[in-house]
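In what follows, a single structure is set out as structure tokens and then discussed.
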Amino acid sequence: MPIERRKTPRFTNAEAPLIRLKGRKVPWPRQCAALAAVAAVLAGCGDQGPPVGTIGHLTAYFGGASADEPRATVVGRDVLSAGGTAMDAAVAMYFAMSVTLPSAAGLGGGGVCVVYSKRDNKAETLEFLAKAPAQAVPEGRWAALAPGNVRGMFALHARYGRLRWEELVLPAERLARFGSPASRALAGAVSRAASRLRAAPDAKRVFAGAGEDALLAEGETFRRVALAATLARIRSVGPGDLYSGTLARRFVDGVRDTGGWLTAEDMRNVRPTWRGTVERSFDVHKVHFPDGVSGGRIAAAIWRGVQADGGFPEEEAGRLHRLVDAARTAYRAAGARPDIEYGSAGYVVMDRSGNAASCAFTMNESFGSGHTAGETDVLIARPAADTASAEAALVPVVMANHNRPQAFAAATAAGDSAAPVAAVSALIRATQAKAPLTEALAAFRAAPGEGPRAVLLERAAGTTLAGVMAAPGAQVFPVTALGRVNLMYCPDGVDRSPELCDVRTDPRGHGYAVNAEF
């Protein structure tokens, strides 16, 4: 049966709603009248501004968001302002980041989210890691991964979304089609991987800069027209096209043209998985870590270890020792190492209803394989050499109160496999030690190194603190940074004191955080 195609209504710039609700579209001239008729539900067109689905619909507090890439945060803010849920914003933020930070969140990768739904008073893990080929890889080819991100985001939207799928993908499509200035986050990732990118013809083409043989620099226009076409099909045809349709065929053919190996069956078999969470306690709240990935298990074990034997110490050296000791046991149990850089990034978002979403994404290595899958222009991910350590770089966390149903905090840690230490350090300082978020995120971090007495300490901590850390006989090794965290915290809840909500991004990265203004 042929698919019925309907013409899209044309609007002037002043008329067009940015985001539309699921279901039947209502012509603009009738929208305010229709909303007025159901004022008890939507509060009309007066006090709350334009209709639901349009930026500025909510003029009061609508929540906050923070991401490792600034434009993703702006997209999330717009969705919240338009009346979308935290989960709607999370979907739109991911697709934006797939364009603006493909080194970590490309369409070819995978990830994990922890979400809290006020409606269900329930926290869940959504795991959608990229999958390795089921068949043995033929000699002379390399294993490519079947992407999990797109189906993962569709599963999140299907369960918790309020706004239309098409309009959540559209901002990313526009970013790819018309281009935008490369952020400092993307330019930094390109600079760190410059030798790899120059050696891979596909990556060198995608991330070419303005000068001869130059790579993309901060502020230069970053445009990917072919990727925009892929996003357009995901938006209009649906995510299934990437797994069992035209895009799937193009993706598999593109992988094989680069010398990789993946089958159409591998693409069809990608399925996101809903799970429970690993729970820990703080006061009357539950802290939810992701189940099914090593990052969640390690962070949960560190949380428990830090809380044991008298809780979090007052002095800084004692706090770092407590974190290192708890982390050493947790990493050993998971078979992971805390000092490996991975292509991972994350974000957090909370809405005014008390819903929260925290997500982290990975290509297993910055920019994945460095190859793109043919005309889809999607960067291809490949298996990590150390799966446990790669998954340790994915640590989304949500703190909720199930007696007074709502989320109180959301955090995500990514960047390297020290992310579990970074997440617990920032979250416990903000909640238990009651430090301002800027202080909780800026605090120096330490993690266990290789060997029973090795300690990794951020170089900015200085020689005095390094000497104190080494005093018990530890071997202290300076490192540039450990983990990268985004954090939002409402100490008295969104329902009672939204003005106390704060959201911040890690000074070690180049992300952006935004909170609704009063």
Residue check, A134 against (1) within 29 Å of E265 (Cα to Cα); (2) crowded, with 24+ Cβ neighbours inside 10 Å, all met but one. Which one? (2)
From the list A481, A414, A447, which residue is closer than 18 Å to D325 by Cβ and not β-branched (V, I, T)? A447
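A quick yes/no check of all residues on (1) free of Cβ contacts under 8 Å to residues at least 12 places away in the same chain; (2) within 22 Å of the chain's Cα centre (by Cα); (3) in a loop (DSSP other than H, G, I, E, B):
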{"position": "V421", "(1), (2), (3)": "no, yes, no"}
{"position": "V424", "(1), (2), (3)": "no, yes, no"}
{"position": "I428", "(1), (2), (3)": "no, yes, no"}
{"position": "A433", "(1), (2), (3)": "no, no, yes"}
{"position": "A440", "(1), (2), (3)": "no, yes, no"}
{"position": "F444", "(1), (2), (3)": "no, no, yes"}
{"position": "A447", "(1), (2), (3)": "no, no, no"}
{"position": "L456", "(1), (2), (3)": "no, no, no"}
{"position": "A460", "(1), (2), (3)": "no, no, no"}
Would it be correct to say that S358 is assigned by TED's automatic domain parsing to the domain that holds E127, assigned to a strand (DSSP E or B) and either surrounded by fewer than 24 Cβ atoms within 10 Å (Cβ to Cβ) or polar (S, T, N, Q) (or both)? yes
What number of residues in the stretch 368-389 are closer than 23 Å to V99 by Cβ and outside any loop (DSSP other than H, G, I, E, B)? 5
Please go through the stretch 301-339 and give me each residue that is without any contact (Cβ under 8 Å) to a residue 40 or more places away in the chain and under 16 Å from L394 (Cα atoms), ordered by number. A301
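Would you say V494 is of a type outside the set (S, T, Y), in a loop (DSSP other than H, G, I, E, B) and in contact with a strand residue (DSSP E or B) (Cβ under 7 Å, 6 or more places away or on another chain)? Break it down into steps so the answer makes sense when it comes.
Details: of a type outside the set (S, T, Y): yes; in a loop (DSSP other than H, G, I, E, B): yes; in contact with a strand residue (DSSP E or B) (Cβ under 7 Å, 6 or more places away or on another chain): yes.
Yes, satisfied.
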Pick out the one residue from A248, A317 that is assigned by TED's automatic domain parsing to the domain that holds P396, modelled with pLDDT under 95 and among the hydrophobic types (A, V, I, L, M, F, W, C). A317
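Quick check: is even one residue across the stretch 342-356 closer than 30 Å to A466 by Cβ and free of Cβ contacts under 8 Å to residues at least 60 places away in the same chain? Can you show your working first?
Quick first cut of the stretch 342-356, residues closer than 30 Å to A466 by Cβ only: 342-346.
From the residues that got through so far, the ones that are free of Cβ contacts under 8 Å to residues at least 60 places away in the same chain too are none.
There is no residue in the stretch 342-356 that is closer than 30 Å to A466 by Cβ and free of Cβ contacts under 8 Å to residues at least 60 places away in the same chain.
Could you say whether any residue in the stretch 267-279 is in a helix (DSSP H, G or I), among the charged types (D, E, K, R) and either within 30 Å of A200 (Cβ to Cβ) or touching a residue at least 40 places away in the same chain (Cβ under 8 Å) (or both)? Step through it out loud before you land on a result.
Initially, the stretch 267-279 is screened for residues in a helix (DSSP H, G or I), giving 267-268.
Keeping just the survivors that are among the charged types (D, E, K, R) gives 268.
Checking the rest, the ones that are also either within 30 Å of A200 (Cβ to Cβ) or touching a residue at least 40 places away in the same chain (Cβ under 8 Å) (or both) come to 268.
Among the residues of the stretch 267-279, at least one is in a helix (DSSP H, G or I), among the charged types (D, E, K, R) and either within 30 Å of A200 (Cβ to Cβ) or touching a residue at least 40 places away in the same chain (Cβ under 8 Å) (or both), which makes the answer yes.
Just wondering, is there one or more residues in the stretch 78-92 that are in contact (Cβ under 8 Å) with a residue 12 or more places away in the chain, surrounded by fewer than 24 Cβ atoms within 10 Å (Cβ to Cβ) and among the charged types (D, E, K, R)? Break it down into steps so the answer makes sense when it comes.
Let us first name the residues in the stretch 78-92 that are in contact (Cβ under 8 Å) with a residue 12 or more places away in the chain, namely 78-92.
Next, only the ones that are surrounded by fewer than 24 Cβ atoms within 10 Å (Cβ to Cβ) stay: 78, 81.
This time we only want the ones that are among the charged types (D, E, K, R), so: 78.
Taking every residue of the stretch 78-92 in turn, at least one turns out to be in contact (Cβ under 8 Å) with a residue 12 or more places away in the chain, surrounded by fewer than 24 Cβ atoms within 10 Å (Cβ to Cβ) and among the charged types (D, E, K, R).
Kindly evaluate G467 against the criterion of being assigned to a helix (DSSP H, G or I) and either out of contact with any helix residue (DSSP H, G or I) (no Cβ under 7 Å at 6 or more places or on another chain) or among the aliphatic types (A, V, I, L, M) (or both). First the steps, then the outcome.
Details: assigned to a helix (DSSP H, G or I): yes; either out of contact with any helix residue (DSSP H, G or I) (no Cβ under 7 Å at 6 or more places or on another chain) or among the aliphatic types (A, V, I, L, M) (or both): yes.
For G467, the condition - assigned to a helix (DSSP H, G or I) and either out of contact with any helix residue (DSSP H, G or I) (no Cβ under 7 Å at 6 or more places or on another chain) or among the aliphatic types (A, V, I, L, M) (or both) - is met.
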Does T505 meet the test of being among the polar types (S, T, N, Q) and closer than 29 Å to A96 by Cβ? yes
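Yes/no per residue for (1) more than 22 Å from V378 (Cα to Cα); (2) buried (at least 16 other Cβ atoms within 10 Å of the Cβ):
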site: V252; (1), (2): no, yes
site: G260; (1), (2): no, yes
site: R271; (1), (2): no, no
site: F289; (1), (2): yes, yes
site: I302; (1), (2): yes, yes
Those residues of the stretch 320-334 which are over 16 Å from G449 (Cβ atoms) and either at pLDDT below 95 or not assigned by TED's automatic domain parsing to the domain that holds A466 (or both) amount to R322
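Those residues that are in contact (Cβ under 8 Å) with a residue 24 or more places away in the chain and more than 19 Å from S344 (Cα to Cα), I need them from the stretch 478-493; list them, please. Walk me through how you get there before you give the answer.
Going through the stretch 478-493, the residues in contact (Cβ under 8 Å) with a residue 24 or more places away in the chain turn out to be 479, 481-491, 493.
Residues satisfying the conditions are M488, Y489, C490, P491, G493.
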Can you name every residue in the stretch 101-130 that is hydroxyl-bearing (S, T, Y) and surrounded by fewer than 24 Cβ atoms within 10 Å (Cβ to Cβ)? S117, T125
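Across the stretch 143-173, what is the total count of residues that are in a loop (DSSP other than H, G, I, E, B) and either touching a Cys at 6+ places or on another chain (Cβ under 6 Å) or among the small types (G, A, S) (or both)?
If we filter the stretch 143-173 for residues that are in a loop (DSSP other than H, G, I, E, B), which is where we start, we get 144-145, 147-148, 161-162, 164.
Those left that are additionally either touching a Cys at 6+ places or on another chain (Cβ under 6 Å) or among the small types (G, A, S) (or both): 144, 148, 161.
Residues in the stretch 143-173 being in a loop (DSSP other than H, G, I, E, B) and either touching a Cys at 6+ places or on another chain (Cβ under 6 Å) or among the small types (G, A, S) (or both): 3 in total.
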Examine the stretch 394-414 for a residue that is more than 26 Å from T85 (Cα to Cα) and either of a type in the set (S, T, N, Q) or not in a helix (DSSP H, G or I) (or both), and state whether such a residue exists. no
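If you check V485, V494, V468, which single one turns out to be surrounded by fewer than 20 Cβ atoms within 10 Å (Cβ to Cβ) and among the β-branched types (V, I, T)?
Working: V485 fails: surrounded by fewer than 20 Cβ atoms within 10 Å (Cβ to Cβ); V494 fails: surrounded by fewer than 20 Cβ atoms within 10 Å (Cβ to Cβ).
Result of the check over V485, V494, V468: V468.
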Yes/no for A345 being among the small types (G, A, S), farther than 19 Å from G152 by Cα and modelled with pLDDT of 95 or more: no
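Starting from residues that are of a type in the set (A, V, I, L, M) and closer than 30 Å to G276 by Cα, keep the ones in the stretch 304-319 and report whichever is surrounded by the most Cβ atoms within 10 Å (Cβ to Cβ). Let's see the steps before the verdict.
Just the residues of the stretch 304-319 that are of a type in the set (A, V, I, L, M), to begin with: 306, 308, 317.
With closer than 30 Å to G276 by Cα added as a condition, the list becomes 306, 308.
Values: V306: 22, A308: 10.
Top of the filtered list is V306.
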Selected residue (criterion: farthest from F207 (Cα to Cα)) from residues of the stretch 146-180 that are out of contact with any Phe, Trp or Tyr (no Cβ under 7 Å at 6 or more places or on another chain) and free of Cβ contacts under 8 Å to residues at least 60 places away in the same chain: A158
Which condition does R268 not pass, out of (1) at pLDDT 95 or above; (2) more than 25 Å from E391 (Cβ to Cβ); (3) not small (G, A, S), if it passes all the others? (2)
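The values are calculated or read from the model by the stated rules, or taken from the named source; none is laboratory data. For clarity, every value in this text was computed on a predicted model and none was experimentally measured. A quick note on method: Cβ atoms are made from the backbone with ideal geometry, for glycine too, and the neighbour counts reach across all protein chains shown.
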